[in-house]
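Take a look at the structure below.
The values are calculated or read from the model by the stated rules, or taken from the named source; none is laboratory data. Every value quoted in this text rests on a predicted model; they were computed, and no experiment measured them. So basically every Cβ, Gly included, is an ideal-geometry build from the backbone, and we count neighbours across all protein chains shown. Heavy atoms of the whole protein, side chains included, go into the accessibility calculation; ligands, DNA and RNA do not. Shrake-Rupley method; radii C 1.70, N 1.55, O 1.52, S 1.80 Å.
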Amino acid sequence: MLLISNGRVLDPASGADAPRDILLDGDRITAVAPQGQLAARSKGAEIFDAAHLVVAPGFIDLHCHLREPGGESSETIETGTRAAARGGFTAVCPMPNTRPVNDNASVTRSILERASAVSSVRVWPIGAASAGSKGEALAEIAAMKQAGIVAVSDDGRPIASAKLLRQVMDYCRALDLPVIDHCEDSSLFAGAVMREGKQSVRLGLRGMPAATESLAVARDVQIGELTNCRLHIAHLSARASLELVRAARAKGLPVTCEVTPHHFTLTDEDVQYDSCYKMNPPLASREDRDALIAGLIDGTVDAIATDHAPHEPALKDVEFDRAPFGITGFETALALGLDLVYSGRLSLMRLVELFTSGPARVLGMKRRIAENEPGDLTIFSTDHNWTFRAEESASKSRNSPFDGRSFRGAPMATIVAGRIAYRR
Ligand code: DOR
Ligand code: ZN
């Protein structure tokens, strides 16, 4: 038994924000009550004193790369989920762009077996939409669903054609799986390494316009309407994309989207000739970044997702043009979100929603703090001052543009299935 006492419990699903004690027994929450009232029932329990801390439902990350199998020199399920736990995440959804690609049930099963042996947090794999994510034939979606995938995506690339997307969506609609698309028009993307604009000209780097993303979002929304399948837009980065999502939702279509901490924090003006500023989609214009923040506030955005994309130094420490896209993200996500709260733009409740019930809804699940719910909780401080040092990260990789940045607020404990997976 574990008693979380004296915390400020924030539960976006019910709107509750109150001092409460929470008792966990086995892998579940067994009681939630005003402070002190669980004393009799919790005799012998381990006690976590959460005084001055926020106790939230367990954070879910819809989008990350754990690199196993095949990319173990950059990350493993063990190191990646340890970094996730340090970031407050209790469940993470690894994308299928591993080697081999997670496009069949035996890869899915091997990921889940490995996770049950070494993972700090829950691992909910995403399966490929097409075989090898090559954009030709369908992947073994039904068999992967049986094995435990929670969604499909060809992330790393877009689902290649409207025709293939239609097939994937017809299939996933029947299986009740969301389709997550990395939206990108490949003809505009080709050869570009950052957002097109003054800064790309200044740096002499090939740029891509925002339409690289929004053209693909428009395609996806229309195929979504044709098939009535759930569509989730990955790492949305442009105002035009957000407007398409807003319009689709106004029509009642099941379209959701996520935004990453780096896209709501940085802009293309921050890009330096340093591959820690190279990710896909690239950092956007200031106008787009501000639109993303507006979307986080007004509910158009459903989830904050990290797109944690580790790459070992041997890959990343090369010329900007030659480096792979991607930055790490688990350990800085909450603190970057809290920056929006301190600057008065986002409410703390809404921020917690974007890490909990929001992503849960995308997956057709619920996340709340109540009796009989899974014992997953994220406990964080809103005033702990600290500095992120990439070299001290639990990740195997160091590729973060936030190395050396000071933050206010941090995860203090991550509780998964009733057990403390991380304690600061
Ligand atoms: O920045 C990115 N990194 N974007 C992607 O789409 C893929 C990811 C990766 O796998 O490194
Ligand atoms: Zn992607």
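Just a few scattered comments:
- Residues that are within 16 Å of ligand 1 (Cβ to nearest atom), touching a Gly at 6+ places or on another chain (Cβ under 8 Å) and within 21 Å of Ser186 (Cα to Cα) within the stretch 283-307 comprise just one, Asp307.
- Tally, over the stretch 282-314, of residues that are within 14 Å of ligand 2 (Cβ to nearest atom) and either outside any loop (DSSP other than H, G, I, E, B) or open to solvent by 30 Å² or more (accessible area, probe 1.4 Å) (or both): 1
- The helices (runs of 4 or more DSSP H) falling completely within the stretch 196-279 that include 1 or more residues that are within 16 Å of ligand 1 (Cβ to nearest atom) and closer than 17 Å to Asp307 by Cβ map to 211-227, 239-250, 261-265.
- Looking at Ser120, Ser133, just one residue is touching a residue at least 12 places away in the same chain (Cβ under 8 Å), closer than 26 Å to Ala218 by Cβ and hydroxyl-bearing (Ser, Thr, Tyr), and that residue is Ser133.
- The single condition among (1) crowded, with 24+ Cβ neighbours inside 10 Å; (2) touching a residue at least 40 places away in the same chain (Cβ under 8 Å); (3) farther than 26 Å from Ile77 by Cα that Val217 does not meet is (2).
- Conditions (1) outside any helix (DSSP H, G or I); (2) surrounded by fewer than 20 Cβ atoms within 10 Å (Cβ to Cβ); (3) away from ligand 1 (no atom under 16 Å from the Cβ); number of the one not met by Leu177: (2)
- Verdict on Asp170 being at pLDDT 95 or above, open to solvent by 50 Å² or more (accessible area, probe 1.4 Å) and on the phi > 0 side of the Ramachandran plot: no
- Remark: Arg239 falls outside the filter, which requires a residue to be over 15 Å from Cys183 (Cβ atoms) and among the basic types (Lys, Arg).
- Residue in the stretch 305-317 that is free of Cβ contacts under 8 Å to residues at least 12 places away in the same chain and under 25 Å from Asn280 (Cβ atoms) present: no
- Cβ-Cβ contacts under 7 Å between residues 6 or more apart (or on different chains), taken from a first residue in the stretch 162-177 that is touching a residue at least 24 places away in the same chain (Cβ under 8 Å) to a second residue that is polar (S, T, N, Q), are listed as Leu164/Ser130; Arg166/Thr227; Met169/Thr227; Asp170/Thr227; Arg173/Thr227; Arg173/Asn228.
- Criterion violated by Arg20 - all others in (1) open to solvent by 10 Å² or more (accessible area, probe 1.4 Å); (2) of a type in the set (D, E, K, R); (3) within 16 Å of ligand 1 (Cβ to nearest atom) satisfied: (3)
To keep it simple, each residue is scored yes or no on (1) away from ligand 2 (no atom under 16 Å from the Cβ); (2) open to solvent by 10 Å² or more (accessible area, probe 1.4 Å); (3) of a type outside the set (S, T, N, Q).
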| site | (1), (2), (3) |
| --- | --- |
| Thr76 | yes, yes, no |
| Ala84 | yes, no, yes |
| Gly87 | yes, no, yes |
| Ala91 | yes, no, yes |
| Ile111 | yes, yes, yes |
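- For the residues Gly148, Gly156, the requirement of being within 23 Å of Ala360 (Cα to Cα), open to solvent by 10 Å² or more (accessible area, probe 1.4 Å) and in contact with a Phe, Trp or Tyr (Cβ under 8 Å, 6 or more places away or on another chain) singles out Gly148.
- Close pairs from the stretch 44-70: first open to solvent by less than 10 Å² (accessible area, probe 1.4 Å), partner among the acidic types (Asp, Glu) and assigned to a strand (DSSP E or B), Cβ under 7 Å, at least 6 apart: Pro57/Asp11; Leu62/Glu258; His63/Glu258
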